[in-house]
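Take a look at the structure below.
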Amino acid sequence: MNKFIGDILGLLAAAVVLLSSTAWGAPIYTMNVGTSSFFVIEFDHPNPALSAVANINAALVTTTQLGLVVNLTNDTSVPSTSALGTLTQAALMSIGFDFTPDATGATLSRSPWSFDQVTIGDINFPGGFRVDVCVYSANNCQGGSVNDGLFSGQSDTFGILLTRGASNDPWLLNTAAVKFQTNLDSYKFGGCVREQCSDTPGGKVPEPGTLILLSTVALAASMTSRRRRQKF
């Protein structure tokens, strides 16, 4: 019996090593050099119910430049009631993007309203996300006064021109995340491209690393059950 438990723990330990040493997660969107495309990123948080949508036109994709036009909407409904209390104010404060290869320069334009500032680099986005581009509406990427954000029901459109070292590789969008400031608390969460979002209520498709860990647990449990049957 102790050997069976040892097998399970060994498999779990191997899975943890894989997760900690490998950059898991396929890009959520790929933009090939010489093409243009349009895609939609959805951001949803269940409790309290927060929601935003980014409609993105990748109008320019070259070996060194990526030109995006982003229409960002805070479509959170207020007031709304959850287990945490009544949501009366929910402002969208910042949006972060992680690209491969990393963007090395960024120029922001066409935003006379909320989202009018950008920063690039190895950014620790709120919520533990690592991004290399952050566009924000208040003091910095971390947030600021709720009154400086994009309010419920409002939209903003901005253009952003990103640069990188010359490469024929596609521009890979690995992560997109947002930060909300509300009367209840601040919330930071990732999004998914609409075609890839889970149809399961209250959740998105698990990251590949999570799937590997869950599969390992299931495999270990299956091995234990099979060995028990053989013993008896």
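In region 23-195, Cα pairs under 8 Å separated by at least six residues give a relative contact order of 31 percent.
Using a cut-off of 14 Å between beta-carbons, work out the net charge of the residues near residue 31 (Lys and Arg +1, Asp and Glu -1, residue 31 not included). Value of the local net charge: -1. For residue 163, neighbours were defined as the other residues whose beta-carbon sits under 14 Å from its Cβ, and their charges (Lys and Arg +1, Asp and Glu -1) total -1. Taking N as the residue count of region 59-109, its C-alpha radius of gyration divided by 2.2 N^0.38 Å amounts to 1.75. The residues packed around residue 66, meaning those with a beta-carbon under 14 Å from its beta-carbon, carry a net charge of -3 if Lys and Arg are +1 and Asp and Glu are -1. According to the calculation over all Cα-Cα pairs in region 23-195, the P(r) per 10 Å bin from zero is 11, 41, 34, 12, 2, 0 %.
Read-outs: derived from the displayed coordinates by stated rules, not from any lab. As the structure is a prediction and not an experimental result, all values here were calculated from the model. All Cβ positions, glycine included, derive from the backbone under ideal geometry; neighbour counts span all protein chains shown.
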